[in-house]
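K.L.:
Below you'll find the structure I mean.
The numbers here are math on the coordinates, done by the rules we state, and not lab data. Being a predicted model, the structure only gives us computed values, none of them experimental. As a convention, Cβ positions derive from the backbone with ideal geometry for all residues, glycine included, and neighbour counts pool all protein chains shown.
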């Protein structure tokens with residue numbers, strides 16, 4: 001199957017919003033297409049993230065990756081946070097996730113960023129396998145904490 005990965009613009013908000021809603025459901029959040037689409041719209045229009053979307057040869061949104069650029073004070077450089085990666089169920093196991101990950105790496109290299117960081121659910125073994133096959137290393141030195149307010 002042929003597919004194409006492109007940088008999402010305002011023309012792609014509806015397609016990415018749909019996929020983002022499915023992604024949130026994967027992580028056990030309730031479906032909310034309107035809020036999901038609005039969230040993506042704000043990130044794209046305000047240029048607060050970079051999103052790559054993959055289209056199938058049927059011109060359907062097949063998957064996406066969302067990246068946030070931030071700073072890494074210990075490495076005295078910028079880094080990319082790969083926060084969201086999702087491939088629609090019917091397009092899995094054909095290399096779309098891998099291609100989106102490679103696109104993220106290529107984007108980082110073009111921006112002169114040498115660290116891409118991500119987190120995934122402990123039980124998401126398929127994603128972990130993909131990341132490790134692409135030479136991502138599991139952090140064994142730091143714990144992640146969060147405070148929900």
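K.L.:
Going by alpha carbons, how many degrees (0 to 90, nearest 10) lie between the helix axis of 13-26 and the longest principal axis of the chain?
P.N.:
Once rounded, the angle reads 60 degrees.
K.L.:
Can you give me the relative contact order of the chain as a percent, contacts being Cα pairs under 8 Å and 6 or more apart?
P.N.:
Relative contact order of the chain: 19 percent.
K.L.:
How tilted is helix 96-111 with respect to the longest principal axis of the chain? Cα atoms for both, answer in degrees (0 to 90, nearest 10).
P.N.:
60 degrees
K.L.:
Moving to a separate point now. Report, in degrees rounded to the nearest 10, the 0 to 90 angle that the Cα long axis of helix 33-45 makes with the longest principal axis of the chain.
P.N.:
Around 60 degrees separate the two axes.
K.L.:
Can you tell me what share of the DSSP beta bridges in the chain is antiparallel? A percent to the nearest 5 is fine.
P.N.:
Values: 21 of 24 bridges.
The antiparallel fraction comes to roughly 90 percent.
K.L.:
Right, next: Is segment 72-131 best put as rounded, prolate or oblate by its Cα gyration tensor, with a ≥ b ≥ c the root eigenvalues, rounded for a/c under 1.5, and otherwise prolate when a/b is larger than b/c, oblate when not? Don't skip to the end; give the middle numbers.
P.N.:
Details: a/c = 3.18, a/b = 1.69, b/c = 1.88.
Verdict is oblate for segment 72-131.
K.L.:
I'd like the distance between the alpha-carbon centres of segment 1-44 and segment 46-68, rounded to an integer number of Å.
P.N.:
8 Å
K.L.:
I've got another one for you. Please arrange 43, 140, 92 by counting, for each residue, the other beta carbons lying within 10 Å of its beta carbon, fewest first.
P.N.:
Numbers: 43 20, 140 5, 92 13.
Exposure proxy ranking, most exposed first: 140, 92, 43.
K.L.:
Per the helix-only calculation at 222 nm, which mean residue ellipticity applies to the chain, given -39500 (n - 2.57) for every DSSP H run of n ≥ 4 and division by its residues, nearest 500 deg cm²/dmol?
P.N.:
Result for the chain, helices only: -11000 deg cm²/dmol.
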